[in-house]
Amino acid sequence: MGANIRKTGTTVLKLVLSAVLLYFVYTKINLAEIKSVLGSSRPGYLFLALLLFIGSKILAAFRLNLYLSTLGIRLAHVANLKLYALGMFYNLFLPGGIGGDAYKGYRITKAFDRPLKKVVSVLVLDRLNGLLALFLLACLLLYGLQLSALRGYDGPALLLVPLAVGVFWVLARRFFSYTMVVFWKSLGYSLGVQLAQLASVYFILMALSIATDHGSYLLVFLASSIVSVLPLTLGGIGSREVTFYYGAELLGLEETRSIAISVTFFLITALVSLTGILYHFKKIQLNDTTIDNHKTTP
């Protein structure tokens, strides 16, 4: 009972913080202008952005499967993609109930009879690997852009690239030594995931007829993705928009278009995540083990 109360309280706090942040951002900008920008978007580019986002999630699912293989779990790619889609749906639309990572951890543990601690460990490591790739790309982009507003940070940003990889390697070897066999390959997948999402955002820029400062907008997107990973709001809602707003202000970008990018990316994320609802009502077969999503709850 106590655990349920704490979970409900945490969810309510996240919901309130998301609402406060969204209210703050949308009182700072012209909603009519955002509506106008979104309404005049070019659908062909949006479709390409959607395809690239889907591609990024497929790569992310493959990365997770790679980590699971270090535990001797042989999960068919089709089943893995279904499980990943359902996890995305739970993360975005049911954050107060069955979290996506918790769901995947529970189902995989039950289906393959592996220690919950190790399954949770590779799920956490999978997330951290993605966060590392975000950080590396942000540092490289910051160095490459040589922005006047961030002068003095570009040199240290480049130095942080090998340092971050080295620290992650040492920690993974110390605490998750059984995953070292896939260390570089998993990092390659993570870089592929984030590059696909950067390409997706690039086509969002094209769809919104944003012709300048592409690199700066992409840097703000990477920063917003890092911030949205922090478990402060529901699915990163609110925190991403605030980062876009202040990032645009810092780099001299147009705040309205910046928020329009954030809204468009969220809508694409929501659309793709919504497909996971299909597997909430259908059984997912994992390695000859049939999981009934209705009869068992984590």
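Considering amide H positions built from the backbone, and no H for Pro or chain starts, which residues 5 or more places from residue 284, or on another chain, come under 5 Å of its amide H? Excluding prolines and chain starts, which carry no amide H, the hits are 291, 293. FRET efficiency for the pair residue 167 and residue 250, taken as 1/(1 + (r/R0)^6) with r the Cβ-Cβ distance and R0 = 35 Å, rounds to 0.85. The ranking of 163, 141 from fewest to most other beta carbons within 10 Å of each one's beta carbon is 163, 141.
Put in line by how crowded their Cβ is, counting other Cβ atoms within 10 Å and starting with the fewest, 69, 177 read 177, 69.
Scanning the chain for DSSP H helices at least 20 Å long along the axis (C-alpha atoms) with a Kyte-Doolittle mean no lower than -1.0 picks out 2-28, 43-69, 77-93, 116-145, 154-175, 183-207, 214-229, 255-274. With contacts taken as Cα pairs under 8 Å at a separation of at least 6 residues, the chain carries a relative contact order of 32 percent. Going by neighbour counts of Cβ atoms within 10 Å, the residues 165, 78 line up, fewest first, as 78, 165.
Label-to-label distance, residue 40 versus residue 102, with points set 7 angstrom from Cα along the beta-carbon direction: 4.5 nm. Treating each Cα of segment 164-259 as an identical point scatterer and summing with the Debye formula, the log10 of I(q)/I(0) at q = 0.21 Å⁻¹ comes to -1.05.
Remark: spin-label model distance residue 175-residue 274 equals 3.8 nm, labels positioned 7 Å along the Cα→Cβ axis. Averaging Cα coordinates gives a centre for segment 111-150 and one for segment 53-67; these two points are 13 Å apart. Computed over the alpha-carbon pairs of segment 2-291, the distance histogram in 5 Å steps reads 1, 5, 11, 15, 17, 17, 15, 10, 6, 3, 1, 0 percent, short to long. Length available on full extension from residue 159 to residue 226: 0.36 nm per residue minus the Cα-Cα distance, which gives 22.2 nm. Each label point was placed 7 Å from the Cα along the Cα-to-Cβ direction; for residue 15 and residue 74 their separation is 4.5 nm. Of 35/104; 118/282; 35/82; 35/283; 82/185, which sit over 31 Å apart, Cα to Cα? Violating the 31 Å limit, Cα to Cα: 35/104; 35/82; 35/283. When segment 2-291 is described by a simple charge dipole with +1 on each Lys and Arg Cβ and -1 on each Asp and Glu Cβ, the residue from 73, 267, 130 located farthest towards its positive end is 73.
Each value in this text was obtained by applying a stated rule to the coordinates, not by laboratory testing. Note that the structure is a prediction, hence the values are computed from the model and not measured. Neighbour counts run over all protein chains shown; Cβ positions are idealised from the backbone, glycine included.
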